[in-house]
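Okay, so here's the structure we're looking at.
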Amino acid sequence: MPYDMIAAEYDYSSDSDLDEDETADVDMGVLKEDSGSEDANYAEARNSAPIAIPSTKNEAALPMLTTPLATPSKVIPVKDVAYKTWKAMIYYLYTSNINFTPLSSRKTGKIGAENANVPSLAASPKSIYRLAKKLELTALCDLAKTEIESQLSEDIIVEEVFSTFTSQFPEIRKLELAFLFMHWDTLKSSAALQGMMRRAVRGEILHAEDVVLDIMAH
């Protein structure tokens, strides 16, 4: 499946743990009791006649077994979070350690060697922020937000502040706009910012409406 189709299915738009070489099999399976549709074989067994245990010559007939079969477990795919993100989050919950990869806009490749004394699993700070926000893991959410802020620079701030990810989270938009305005004298006439504003005027980045309004009000 093409990467852009996979990314759309996972609701990822920028900077995720869903790498381009990953395929749809990265879904995280969750064991869950079946509360809705049921397997055809199970349905047939459940709806069949009660099971009778045959008697022997010296034994009275045993009662019919009328208790329904136990509801089986099944794997429910979680479509909106990459396996790598889940793995890093679970590791953090057990160890309180987490390592973040660089923002893709930094174009620095993969993260360097981890601290040998504090091993962890590297994940995108945006992906971790998004998942932590969804699961209301405040401490982890704050770590991811701090990491995103620490990686901002004049070279990437325009790309970041106009990203779909930023448009989804007001806290991130606020901190990125603060960084943009801190360097406003340098960035206000930059080709990157002017290019983004032109795209916004042409209606090419509708998700950035709030950012455009904030910049115009500055």
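Among the residues of the range 136-154, those identified as in contact (Cβ under 8 Å) with a residue 24 or more places away in the chain and of a type in the set (A, V, I, L, M) are Leu137, Leu140, Leu143, Ala144, Ile148, Leu152. Among the residues making up the range 160-171, those that are assigned to a helix (DSSP H, G or I) and either crowded, with 18+ Cβ neighbours inside 10 Å or basic (Lys, Arg) (or both) are Glu160, Val161, Phe165, Thr166, Ser167.
In the range 136-157, the qualifying residues are those that are part of a helix (DSSP H, G or I) and crowded, with 21+ Cβ neighbours inside 10 Å, and the one that is farthest from the chain's Cα centre (by Cα) is Ile157.
Every residue, every condition in (1) of a type outside the set (Lys, Arg); (2) in contact with a Lys or Arg (Cβ under 9 Å, 6 or more places away or on another chain); (3) at pLDDT below 70; (4) assigned to a loop (DSSP other than H, G, I, E, B), yes or no:
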residue: Pro77; (1), (2), (3), (4): yes, no, yes, no
residue: Val81; (1), (2), (3), (4): yes, yes, no, yes
residue: Tyr94; (1), (2), (3), (4): yes, no, no, no
residue: Lys110; (1), (2), (3), (4): no, no, yes, yes
residue: Ala116; (1), (2), (3), (4): yes, no, yes, yes
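What residue, of Lys133, Lys174, is surrounded by fewer than 20 Cβ atoms within 10 Å (Cβ to Cβ), at pLDDT below 95 and either assigned to a helix (DSSP H, G or I) or in the same structural domain as Pro102 (by TED's automatic domain parsing) (or both)?
On the way: Lys174 fails: at pLDDT below 95.
Exactly one of Lys133, Lys174 is surrounded by fewer than 20 Cβ atoms within 10 Å (Cβ to Cβ), at pLDDT below 95 and either assigned to a helix (DSSP H, G or I) or in the same structural domain as Pro102 (by TED's automatic domain parsing) (or both), namely Lys133.
The values are calculated or read from the model by the stated rules, or taken from the named source; none is laboratory data. Just so it is clear, the structure is predicted and the values come from calculations on it, not from any experiment. Virtual Cβ from ideal backbone geometry, glycine too; neighbours counted across all protein chains shown.
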